[in-house]
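Accompanying notes for the structure given below.
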Ligand SMILES: *Cc1c(COP(=O)(O)O)cnc(C)c1O
């Protein structure tokens, strides 16, 4: 496939450099073999995350200059409120400093110990915020999501039969709210169809369960619906977003993804009583409800970015860039989660390194090797992130897939960067059998991938 020409040109540059193999070896050792602990300047191509790493536009930067830093009732807040209402149709919302702050406040407001929160798949911070309140996050994605070779167009869909059975089993009174993540980050950045979203909303609502969307990549999801779902080809992404969010009772969102800002988040609800609790929690943890842990200028950048993230020329380029990287990697013989998602390519480390068991972290082995070989940083999404002891039996539960995520920052890297990543992976693929796993020398209880330290085996 051809690389899509970027629908922008570059007006500011940031130098990057590739340090020597010996320097990389020393750097990763000093980092405890955890790529989160590397100094960013020691990385050549940083695909750790697409969160807050995108390039803002000239319009966003100029909007920032008009930020109103009033403590309460700033103009910036009202500009953001206008964008939120226009895109999502919600009047009651608060800004937060990022997505997990919204999840924390939502969980504090709604989750009681022992309660369940179903979703297609919770992302790590959502999972941890529900657990931190004594709740139990439950993943009910369709079976195809566990099959990296399945070409299902909406692999992020929730299994409605499983959801109904689950609600029947634990009782709606033990489910304070239900969720869905669009796109499904933990499952490969795969989209959820509008038909599935409607069925999810109906199922929750039939049992009186409020429905919240984890909306981090709602715009990419809307564009996938436009491309792949019957009846949406002629609708604008804005119309699709409006239709999607009309189904929900609320949403939480990391604005660091599709709103293309470096920091920010949103939490919205239609429930007046819940909104009151949210504002009280927000004041305690984040700030006054009209700024929510952000500067006024950040709110302005978000208000502009929310619309830029929905721009269809941008989204066409974005999804094609990801698919291009996927195609080049596939050609090296490394399996990826198919079809390529919106924001990232997920390498199937389990398939590439079948000699490394779950408990020795094949994803981590591949992430470390990517750094050693090419100064590239990706992120393990596998047993380090998701393995946990079963609360009843105490036995380790491992995730289905051992992946390494190569997340693509928005509007940041070019075709030659993508080619370099694929070429580096090609070299690693040739000597995959010689890679070894690793073990923990330190691991915290929650969100352990961020700060754990390792030793190679
Ligand atoms: C990034 C992300 C979050 C958390 O947001 P932060 O801004 O990183 O705190 C939650 N859910 C999903 C699906 C995400 O991708």
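The values are calculated or read from the model by the stated rules, or taken from the named source; none is laboratory data. Bear in mind that the values here come from a model prediction, so they are computed numbers and not experimental data. All Cβ positions, even for glycine, are placed from backbone atoms using ideal geometry, and neighbour counts span all protein chains on display.
What to note about this one:
- Selection from region 9-50 of residues that are closer than 22 Å to residue 308 by Cβ, in contact with a helix residue (DSSP H, G or I) (Cβ under 8 Å, 6 or more places away or on another chain) and part of a loop (DSSP other than H, G, I, E, B): 11, 47
- Counting the residues of region 205-229 that are out of contact with any strand residue (DSSP E or B) (no Cβ under 8 Å at 6 or more places or on another chain), in a loop (DSSP other than H, G, I, E, B) and in contact (Cβ under 8 Å) with a residue 60 or more places away in the chain gives 2.
- Check on residue 112, more than 26 Å from residue 241 (Cβ to Cβ), free of Cβ contacts under 8 Å to residues at least 60 places away in the same chain and either touching a strand residue (DSSP E or B) at 6+ places or on another chain (Cβ under 6 Å) or surrounded by fewer than 22 Cβ atoms within 10 Å (Cβ to Cβ) (or both): no
- Residues that are in a loop (DSSP other than H, G, I, E, B) and either within 16 Å of the ligand (Cβ to nearest atom) or in contact with a helix residue (DSSP H, G or I) (Cβ under 9 Å, 6 or more places away or on another chain) (or both), drawn from region 51-72: 51, 52, 53, 54, 56, 57, 65, 66, 67, 68, 69, 70
- Matching entry among 88, 44, 93 (being outside the structural domain of residue 192 (by TED's automatic domain parsing) and modelled with pLDDT of 95 or more): 44
- Selection from region 222-241 of residues that are under 18 Å from the mean Cα position of the chain (by Cα) and surrounded by fewer than 18 Cβ atoms within 10 Å (Cβ to Cβ): none
- Any hit, region 242-257, residues being more than 16 Å from the ligand (Cβ to nearest atom) and either within 16 Å of the chain's Cα centre (by Cα) or surrounded by 23 or more Cβ atoms within 10 Å (Cβ to Cβ) (or both): no
- For region 320-330, residues that are surrounded by 20 or more Cβ atoms within 10 Å (Cβ to Cβ) and closer than 20 Å to residue 9 by Cβ total 2.
- Within region 426-452, the set of residues being surrounded by 12 or more Cβ atoms within 10 Å (Cβ to Cβ) and either in a loop (DSSP other than H, G, I, E, B) or within 23 Å of the chain's Cα centre (by Cα) (or both) comprises 435, 436, 437, 443, 446, 447, 448, 449, 450, 451, 452.
- Restricting attention to region 399-420 and to residues that are modelled with pLDDT of 90 or more and over 25 Å from residue 57 (Cα atoms), the residue that is farthest from the chain's Cα centre (by Cα) turns out to be 420.
- Verdict on residue 130 being within 26 Å of residue 160 (Cα to Cα), surrounded by 22 or more Cβ atoms within 10 Å (Cβ to Cβ) and in contact with a helix residue (DSSP H, G or I) (Cβ under 7 Å, 6 or more places away or on another chain): yes
Quick grid of which residues meet (1) over 24 Å from the mean Cα position of the chain (by Cα); (2) over 16 Å from residue 141 (Cβ atoms); (3) modelled with pLDDT of 95 or more:
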| position | (1), (2), (3) |
| --- | --- |
| 172 | yes, yes, yes |
| 177 | no, yes, yes |
| 182 | no, no, yes |
| 189 | no, no, no |
| 213 | no, no, yes |
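- From the options 282, 238, 299, 267, residue that is away from the ligand (no atom under 16 Å from the Cβ), in the same structural domain as residue 71 (by TED's automatic domain parsing) and outside any loop (DSSP other than H, G, I, E, B): 238
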